[in-house]
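Participant: Just passing along the structure, written as structure tokens.
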Amino acid sequence: MQLTQESARKKIVFWIYVFYVLMIIEGALRKWVLPEAAMVSFFVRDPVVFYIYFLAIQNKLWPARKGLFAAATWIFAAYIVVIALQMLFLQVNPLVYLYGLRIYFLLIPLAFIMKDCLKGEDVKVIILITMLLAIPMAGLVYEQFHQPKTHWINKTLNEDLTHTAMMTADIVRPSGTFSDGRLFVYFIASAFALTLPQWLLENSQRVLKLPLLAICSASIVCCLAYNGNRTSWIMVGVCIVFAAASIFIVRSRAARINALIGFLAIFLLSGALGCYVFSSGIAAMLERQEMAVKYEGDTLKRVISMASAEGLENIPWYGRGIGLGSGGGKKIAGYSGWLLAEREIERNAQEAGVFSLLFIGFRIALTFFIFSEAIKATRRSNNPTPLVIFGFCLPLLTIGLITIVGTIQAYGWFFAGLNMAANNFGKAKALPEEAKMRPQTA
């Protein structure tokens with residue numbers, strides 16, 4: 001039966017919710033529920049994505065081929081040509097190229113479908129899902145922090161538990177429901193980005209009443225305090241900067257006052273929890289930071305280095321194989337460890353040669369587009385949410401490892417789509433076609 005376009009939109013939105021929940025629980029399925037089928041369950045989100053695409057095409061909700069989406073389409077075509085060249089010159093398993101196309105391009109249409117299909121209420125549902133899931137996640141993280149690395153709750157997908165990431169000599173780096181502690185940081189930072197604006201809004205605009213909002217916020221602070229990864233703190237810091245900037249961008253004086261009061265309230269709450277409730281996690285994090293600086297160097301320099309591209313002198317102009325440096329690509333190729341560079345821009349260049357400039361340029365253009373629209377939306381709607389979400393998206397879209405790790409890929413493109421949807425806040429609703437055709441009377 002053919003759906004009306006609005007019914008189809010709602011169905012797509014439902015499956016977007018499903019995709020998002022799978023992003024968060026996929027690691028739990030792989031390490032606890034179906035460990036023997038971990039490689040198969042890694043692709044558990046893909047059927048959902050393809051079904052969303054089927055619904056969008058069938059019901060004429062596929063993004064229009066213009067602007068940035070048109071650019072992405074042409075870059076995809078260019079990369080197919082590049083792969084054809086690489087197959088002539090390189091001895092690489094063809095499945096590596098197929099996986100490369102998946103991790104580079106599979107989720108880009110999803111971001112633009114979210115932009116067009118998610119309404120303000122749908123964005124609020126995603127915020128609500130995130131905040132509520134933070135409560136059980138905090139309990140899990142607290143338990144992981146206090147259990148030894150050999151306990152089942154601290155299982156990761158490493159074959160050897162001695163490789164479990166540690167915060168200190170005897171304290172694990174909690175992974176929550178994710179397959180690795182380094183991936184858990186994206187849940188923490190995104191949950192923070194979605195929750196912080198709630199404190200800056202009036203009570204009537206919040207998705208939760210104050211008592212439950214405080215519980216959800218405390219849960220996110222718990223996850224942050226005990227996660228033991230500097231990346232989460234850096235990403236949270238970026239979100240705070242954009243939240244502070246939003247106070248000066250909103251037009252309403254009342255909105256500014258509410259935001260300032262909310263800022264004070266959330267930081268008093270966070271500070272009290274960090275000092276008196278989650279102090280053991282903060283102490284372990286400080287110890288880890290001290291050791292990291294000793295052995296890895298200054299944290300700020302390390303962050304800046306992620307945006308650099310070195311060692312490009314001997315790369316063929318056509319690259320060394322699209323997808324070869326990704327986690328899945330190197331497994332298909334039969335390698336372990338870092339086959340190509342860890343840094344995103346450098347590895348993109350190694351994989352696609354001079355053609356990598358197309359994809360890197362697209363990411364930069366998309367980042368500037370979302371940023372400019374987020375400023376307009378924040379000012380237009382007196383709602384800091386679009387700009388704070390952009391604070392989370394900024395490092396992911398520019399230097400984030402979205403073409404190497406599936407979970408980071410999902411977070412990058414999903415939140416790019418969510419940000420573009422939130423950038424519609426405050427826009428006048430379009431009139432239905434029949435209303436547009438109705439003659440106007442004086």
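Please treat every number below as a calculation from the coordinates, not as lab data. Bear in mind the structure is a predicted one, so any value in this text is a computation, not a measurement. Backbone-built Cβ (ideal geometry, glycine too); neighbour counts: all protein chains shown.
Participant: Taking 0.36 nm per residue of sequence separation and subtracting the Cα-Cα distance, how much length would be gained by fully extending the chain between L157 and Q289, in nm to one decimal?
Facilitator: Computed gain between L157 and Q289 is 45.0 nm.
Participant: Can I ask one more? In debye, nearest 20: dipole of segment 5-425 around its Cα centre with unit charges on the Cβ of K, R (+) and D, E (-)?
Facilitator: Its charge dipole is roughly 1180 debye.
Participant: Do any of K11/K115; K10/K209; K115/K330; K124/K427 go past 21 Å between their Cα atoms, and which?
Facilitator: Distance filter (> 21 Å) returns K10/K209; K115/K330.
Participant: Among A37, A244, A377, determine the one that fluctuates most according to a GNM of the chain built with springs between C-alpha atoms less than 10 Å apart.
Facilitator: Top of the fluctuation ranking is A37.
Participant: Now, a different point. Positive end of the charge dipole of the chain (Lys, Arg +1 and Asp, Glu -1 on Cβ, about the Cα centre): tell me which of L210, I75, N229 has its Cα farthest that way.
Facilitator: So the residue we want is L210.
Participant: Picking from S381, L366, G274, whose Cα lies most toward the positive end of the charge dipole for the chain (charges on Cβ: Lys, Arg +1; Asp, Glu -1)?
Facilitator: Sorting the options by dipole projection puts first S381.
Participant: Given the Cα-Cα distance of E202 and K331 and 0.36 nm per residue of separation, how much length would full extension add, in nm?
Facilitator: That pair, E202 and K331, stretches by 41.5 nm at full extension.
Participant: If R0 is 51 Å, what FRET efficiency do you get for M87 and I282 from their C-beta distance, rounded to 0.05?
Facilitator: The value I calculate is 0.50.
Participant: Right, next: Once you order the gyration tensor axes a ≥ b ≥ c over the Cα atoms, which shape class does segment 29-104 get: rounded for a/c under 1.5, otherwise prolate or oblate by comparing a/b with b/c?
Facilitator: Here segment 29-104 falls in the oblate category.
Participant: Right, next: Only counting other Cβ atoms within 10 Å, I'd like K330, K66 sorted with the fewest neighbours first.
Facilitator: K66, K330
Participant: Follow-up question, since we're still on this one. Once the dipole of segment 5-425 is set up with Lys and Arg at +1 and Asp and Glu at -1 on Cβ about the Cα centre, which of S190, L101, G139 lies farthest towards its positive end?
Facilitator: In segment 5-425, that residue is S190.
Participant: Taking 8 Å as the Cα distance limit and 6 or more residues as the minimum spacing, I'd like the relative contact order of the chain as a percentage.
Facilitator: 22 percent
Participant: Using packing as a proxy for protection, rank 132-144, 254-266 so that the peptide with the highest average count of other Cβ atoms within 10 Å comes first.
Facilitator: 132-144, 254-266
Participant: Let me ask another. Quick one: dipole size for segment 71-187, taken about the Cα centre, charges +1 on Lys/Arg Cβ and -1 on Asp/Glu Cβ, in debye to the nearest 20.
Facilitator: In total the dipole reaches around 180 debye.
Participant: Under the classification rounded if a/c is under 1.5, otherwise prolate if a/b is larger than b/c and oblate if not, where does segment 129-255 fall, given a ≥ b ≥ c as square roots of the Cα gyration tensor eigenvalues?
Facilitator: prolate
Participant: Is there a quick way to get the dipole size of segment 46-127? I mean about its Cα centre, with the Cβ of Lys and Arg at +1 and of Asp and Glu at -1; what is the value in debye to the nearest 20?
Facilitator: 200 debye
Participant: What's the center-to-center distance, using Cα atoms, between segment 368-405 and segment 41-55 in Å?
Facilitator: Between the Cα centre of segment 368-405 and that of segment 41-55, the gap is 25 Å.
Participant: Tell me, Kirkwood radius of the chain from alpha-carbon pair distances, in Å?
Facilitator: About 23.0 Å, per the Kirkwood formula over Cα pairs.
Participant: Can you compute the FRET efficiency between L3 and D46 using 1/(1 + (r/R0)^6), with r the Cβ-Cβ distance and R0 = 25 Å? Round to the nearest 0.05.
Facilitator: 0.60
Participant: Tell me the chymotrypsin sites (Phe, Trp or Tyr not before Pro) within segment 316-393 that lie in a loop according to DSSP and have at most 14 other beta-carbon atoms within 10 Å.
Facilitator: Sites meeting the loop and neighbour criteria: W317, Y335, W338.
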